[in-house]
Amino acid sequence: MSSDIEVIRVHASNRKLLDRFIRVQWFIHREAYPNEVWVPPLMLERREFLNPDKNLFFEHAEMAMWIARKGGRDIGRIAAIEDRSWIDFHGEKTGYFGFFDAPNDAAVAGALLDQARKWLRARGMDEMIGPMDLSTNHVCGVLLDAFDREPCINMPYNPPWYDELLLGQGLSKAKDLIQWGIDLATPIPPRVVRIAEKMKKRAGIRVRAMSFDDWDAEVGRTFEIYNEAWEKNWGFVPVTEREFRQIAEDLKLVLHPSLPLVAEIDGEAVAFALIIMNLNPLLKPLDGKLLPFGALRLLWDLKVKQRVDSGRLILLGIRAEHRRRGLDSILFLEMAQRAKALGWWGGEIGWTLEDNVMVNRAIENFGCEAVANYRIYTEDLTGKAKAKAKADAGEPAEAAGAGEASDD
């Protein structure tokens, strides 16, 4: 570690340090990479999200956080996460790094990553992937392009140098993710409409909005579909029912009553889709503060002025036995029609895996275009991959973990 870089451990119970950890993003986007695109997170929401006593993710996970300081300033941050749900489901000793932010400074990035590596190795992890804030069920990935676009709600935004910075620290690509855009002014291809309506009638499919008055039962129905629908996808991590219900309760705040949809056959839920309202244009002027007047301003814009004019499709899940029956097209069509009736111009879909050919083709057939790409990285923590590469090149191997930073 460079002698002018100090790395400080952050505990969620220390409110001042936790706030400093969160506010590193302000340094990155106001000073290191000044831009008008980044949307500040709500401080109150971030504090609760990172609090092990309030976020049910931590019933099956542990996390350590650090801040990097240089010249008396907080300039970078990182977290390391051990998620027992990933380990149990995949049978792999894989940990995550997340909440990564750093200036364009290899020494700072290296100091932060060394702390995450050391913490994960001490817990027996063989691999590190990320960034995950906190898992693939939350915000994840590094933005690779489209830096002039304002991110949609719950999507990451970072300076252009993060990819080069992480690759330069020995990480490599694990998987790329695609975010799609849809403009409702563009007519839905007639063929898609025709097929969707035909399949809907043939299979006796009924699409309805989930009932907020019966939300607990609706969440139970979608939970059964969720883990089944995504379990074969790369990076999937199952969620517990308690965690799923907490996520659903939080999402309820950003759902329009007409747009959480469920598809039924003979009264049985076989698929669901969730579009959340894109609140980012409303959140940006709040600068992370709900008090004293931020909450009132948000409610005014949301309820009175009804300034939301776009959304993001975050989930579309179909039971395995009902796939290839056009349910994706049926739900896409229903969502587009309902969003247009609300006066929305469009929105975004995703993310999707780069190699999920079937899903990506269906989205393209609906007239959508890729608008941004993201990357998740991996690194071998055992030293075996590096040793093999050096052996192949005829170089002497180093001991695993050589040169690690202090945990002080």
- Task: Name the residue, out of 34, 52, that is in contact with a strand residue (DSSP E or B) (Cβ under 8 Å, 6 or more places away or on another chain), assigned by TED's automatic domain parsing to the domain that holds residue 145 and part of a loop (DSSP other than H, G, I, E, B).
- Result: 52
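Could you please let me know if residue 107 is touching a strand residue (DSSP E or B) at 6+ places or on another chain (Cβ under 7 Å) and either assigned by TED's automatic domain parsing to the domain that holds residue 285 or more than 28 Å from residue 283 (Cβ to Cβ) (or both)? Walk me through how you get there before you give the answer.
Details: touching a strand residue (DSSP E or B) at 6+ places or on another chain (Cβ under 7 Å): yes; either assigned by TED's automatic domain parsing to the domain that holds residue 285 or more than 28 Å from residue 283 (Cβ to Cβ) (or both): yes.
Yes, satisfied.
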- Message: For segment 292-336, which positions are in a helix (DSSP H, G or I), hydrophobic (A, V, I, L, M, F, W, C) and at pLDDT 90 or above?
- Response: 327, 330, 331, 332, 333, 335, 336
- Inside segment 84-102, the number of residues satisfying the requirement of being buried (at least 22 other Cβ atoms within 10 Å of the Cβ) and out of contact with any Cys (no Cβ under 9 Å at 6 or more places or on another chain) is 7
- Note on the structure: Taking first residues from segment 346-362 that are at pLDDT below 95 and second residues anywhere that are among the aromatic types (Phe, Trp, Tyr) and surrounded by fewer than 15 Cβ atoms within 10 Å (Cβ to Cβ), the pairs with Cβ under 9 Å that are 6 or more apart or on different chains are 356/234
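Any residue at all in segment 10-31 that is assigned to a strand (DSSP E or B), of a type outside the set (D, E, K, R) and surrounded by 16 or more Cβ atoms within 10 Å (Cβ to Cβ)?
Keep residues of segment 10-31 that are assigned to a strand (DSSP E or B), which gives 10.
When the remaining residues are screened for being of a type outside the set (D, E, K, R), the result is 10.
Filter again for surrounded by 16 or more Cβ atoms within 10 Å (Cβ to Cβ), leaving 10.
Yes, some residue in segment 10-31 is assigned to a strand (DSSP E or B), of a type outside the set (D, E, K, R) and surrounded by 16 or more Cβ atoms within 10 Å (Cβ to Cβ).
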- Message: Pairs please, first residue from segment 89-116 and within 20 Å of residue 239 (Cβ to Cβ), second anywhere and surrounded by 24 or more Cβ atoms within 10 Å (Cβ to Cβ) and charged (D, E, K, R), Cβ atoms under 6 Å, 6+ apart in sequence or on different chains.
- Response: 99/77
- Message: Based on this model, can you work out whether residue 237 counts as buried (at least 18 other Cβ atoms within 10 Å of the Cβ), modelled with pLDDT of 90 or more and under 24 Å from the mean Cα position of the chain (by Cα)?
- Response: yes
- Message: If I ask for residues that are in contact with a helix residue (DSSP H, G or I) (Cβ under 9 Å, 6 or more places away or on another chain) and over 17 Å from residue 136 (Cβ atoms), which ones from segment 94-107 would you list?
- Response: 101, 102, 103, 104, 105, 106
- Message: Filter segment 98-141 down to the residues that are of a type in the set (A, V, I, L, M, F, W, C), in a strand (DSSP E or B) and more than 17 Å from residue 84 (Cβ to Cβ) and list them by number.
- Response: 99, 100, 139, 140
- Query: Just to be sure, is residue 77 in contact with a Leu (Cβ under 8 Å, 6 or more places away or on another chain), assigned to a strand (DSSP E or B), within 20 Å of residue 4 (Cα to Cα) and not aliphatic (A, V, I, L, M)?
  - Reply: yes
- Hey, does segment 83-93 have a residue that's modelled with pLDDT of 95 or more, under 23 Å from residue 154 (Cβ atoms) and assigned to a strand (DSSP E or B)? yes
- Message: When you scan segment 196-204, do you find a residue that is of a type in the set (D, E, K, R), outside the structural domain of residue 348 (by TED's automatic domain parsing) and in contact (Cβ under 8 Å) with a residue 24 or more places away in the chain, even just one?
- Response: no
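The values are calculated or read from the model by the stated rules, or taken from the named source; none is laboratory data. Since this is a predicted model, take the numbers as computed values, not measurements. Here the Cβ is made from the backbone with ideal geometry for all residues, glycine too, and neighbour counts use every protein chain on show.
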